[in-house]
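The values are calculated or read from the model by the stated rules, or taken from the named source; none is laboratory data. Quick caveat, the model's predicted, so the values are computed rather than measured. As a convention, Cβ positions derive from the backbone with ideal geometry for all residues, glycine included, and neighbour counts pool all protein chains shown.
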Amino acid sequence: MLKFAVVDVETTGGAGESNRITEIGIVLLDGMEQVGQFHSLVDPGVPITPFVKNLTGITDEMVNGAPQFSKIAEEVAGMLEGRIFVAHNVQFDCRMILTELKRCCVKFDPPRLCTVKISRKIFPGLPSYSLHNLTDSLGLSDFRHHRAMDDTLACAEILKLAYNKVGPGKILKEVKNLTKAKKANVVR
């Protein structure tokens, strides 16, 4: 059975190392059964850009008093361990998590699956593969865009549709770092 951790993060909006997580959502799937979830606002320790405040609705006041990533790093790493890291544009979300975990001296390099890439292969010819437009095209429920848990749940629904359409074998072929997935017992 394939084990997935579907993840979405919202960030401060800066480029590179200065960009910090402001919100994280994780949904754990064993096969296509949801077995857990996690959500938290995160105090980034730096101001959120006006563009991101407008886009996400997350303000400096909202994250003031939320845990810094270092306080949730162990829990997040534990949830992700032994699972395929899934996100809509996985490079961004995975890079953000890797950077934050590295700051906490936690090494992490998971097998990864991008729902943008699998959607282009499994649902070809759609007008757009942005998360919002893709959910509309696939007839999924509308959701609060650019909020971590809502985006995570939407991404999980896309993964479920793709998985049910083509099966675990074809999904597995799209996983990057597959040898790590086998070593981590993600694939049984």
Next on the checklist: Of everything in the range 27-42, what is in contact with a helix residue (DSSP H, G or I) (Cβ under 8 Å, 6 or more places away or on another chain) and more than 15 Å from residue 101 (Cα to Cα)? Give them in sequence order.
Outcome noted: 27, 28, 29, 31, 32, 34, 36, 37, 38, 39, 40, 41
Checklist entry - When you look at residue 110, is it more than 23 Å from residue 13 (Cβ to Cβ), in a loop (DSSP other than H, G, I, E, B) and within 18 Å of the chain's Cα centre (by Cα), yes or no? => result yes
Item to check | Test: residue in the range 111-131 that is in contact with a His (Cβ under 7 Å, 6 or more places away or on another chain) and surrounded by fewer than 17 Cβ atoms within 10 Å (Cβ to Cβ) | outcome: no
Item to check | Scope the range 13-52; condition of a type in the set (Ser, Thr, Tyr) and under 19 Å from residue 152 (Cβ atoms); matching residues | outcome: 22, 40
Checklist entry - In the range 46-86, what count of residues is obtained for those that are closer than 21 Å to residue 27 by Cα and out of contact with any His (no Cβ under 8 Å at 6 or more places or on another chain)? => result 22
Next on the checklist: Restricting to the range 135-158, and then to whatever is in contact with a Ser or Thr (Cβ under 6 Å, 6 or more places away or on another chain) and part of a helix (DSSP H, G or I), can you tell me which residue is farthest from residue 30 (Cα to Cα)?
Outcome noted: 154
Item to check | Close pairs from the range 165-188: first within 13 Å of residue 114 (Cα to Cα) and of a type in the set (D, E, K, R), partner in a loop (DSSP other than H, G, I, E, B) and modelled with pLDDT of 75 or more, Cβ under 9 Å, at least 6 apart | outcome: 176/111
